[in-house]
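A.B. asks: Below are the structure tokens for one structure; questions will follow.
Any read-out appearing in this document is the output of simple, stated calculations on the displayed coordinates, not a laboratory observation. Quantities reported herein were computed from a predicted structural model and do not represent experimental measurements. Positions of Cβ are backbone-derived with ideal geometry, glycine not excepted, and every protein chain shown enters the neighbour counts.
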Amino acid sequence: AGAVAGVSHIKRPLRAARAVMEHSEHVLLVGAGAEAFARGLGLEMVDPTYFSTEARRAQLHRAQADAVTVLDHDGAASAPLDEQRKFGTVGAVALDAHGNLAAATSTGGMTNKRPGRVGDSPLIGAGTYADNRTAAVSCTGTGEMFIRAAAAHDLCARMAYGGQTLDAAAEQVVMQSLLAIDGRGGLIAVDAQGHVCLPFNTEGMYRGHARVGEPVQTAIFR
């Protein structure tokens, strides 16, 4: 496992996370140390303005004016979902031909969040987890609740120790454990047999899955 957090110059943070896994003895690097590590390996660096768009600046200004914190991609214009009920984290899970499972999660966090806040995405076991014995999981939603529930690991633990199927474990995590603490969002997961599960407790979740030799499947609503 590898992760980075609190970075603003690394163009592709997932590559930095993988580099931590492959080229260091650590799991999680943050802030200036993470950026120095990525720079030392020759990863592409950019000015923070690279990540700024007019739509996101407008979203920030609205949140500041209302003195609220909103989840990633809430409040953007012209979206097909209620923007207060969807999340913008980017995640991926995969099962390869050799039976290896992998998960990756990346997010810009919450708009108007407190400086220094870290959500579940880079925390192994909270928003991201993969175990060849059970499943690969990537989560999106109210990060603090996914952290409290150790959601990604909990799904795999229910399979490993309780013998639950992927669907049953995911259902309990998303529709019971998270909802019990007002945790809104969802996850994507694939198990060691190639079964895919994409549950969410919100209005919708942008999602898709693909298998070799089959058409790609995409969806937003249920």
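A.B. asks: Can you give me the Cα centroid spacing of the stretch 100-131 and the stretch 26-67 in angstrom?
C.D. replies: Centre-to-centre (Cα) distance: 14 Å.
A.B. asks: So what is log10(I(q)/I(0)) for the chain at q = 0.08, 0.10 1/Å, when the Debye sum runs over its Cα atoms only?
C.D. replies: -0.29, -0.45
A.B. asks: Charges only on Cβ, +1 for Lys and Arg, -1 for Asp and Glu: so what's the dipole of the stretch 103-164 about the Cα centre, in debye to the nearest 20?
C.D. replies: 160 debye
A.B. asks: Please work out the ratio of the alpha-carbon Rg of the stretch 1-64 to 2.2 N^0.38 Å and round it to two decimals.
C.D. replies: Normalised Cα radius of gyration, the stretch 1-64: 1.27.
A.B. asks: Let me ask you something else. Report, in debye and to the nearest 20, how large the dipole of the chain comes out about its Cα centre when Lys and Arg carry +1 and Asp and Glu carry -1 on their Cβ.
C.D. replies: I would put it at about 280 debye.
A.B. asks: Same structure again: With unit charges on the beta carbons (Lys and Arg positive, Asp and Glu negative) and the dipole taken about the Cα centre of the chain, which residue among 157, 213, 49 sits farthest to the positive side?
C.D. replies: Projecting each Cα onto the dipole axis, the largest value belongs to 49.
A.B. asks: Between residue 171 and residue 218, how high is the FRET efficiency from 1/(1 + (r/R0)^6) when r is the Cβ-Cβ distance and R₀ = 25 Å? Nearest 0.05.
C.D. replies: My answer for the efficiency is 0.70.
A.B. asks: Across every pair of different alpha-carbon atoms, what Kirkwood hydrodynamic radius in Å does the stretch 120-222 reach?
C.D. replies: After inverting the mean inverse Cα-Cα distance, the result is 13.5 Å.
A.B. asks: Using unit Cβ charges (K, R positive; D, E negative) and no other charged atoms, how large, in debye to the nearest 20, is the dipole of the stretch 96-208 about its Cα centre?
C.D. replies: It works out to roughly 360 debye.
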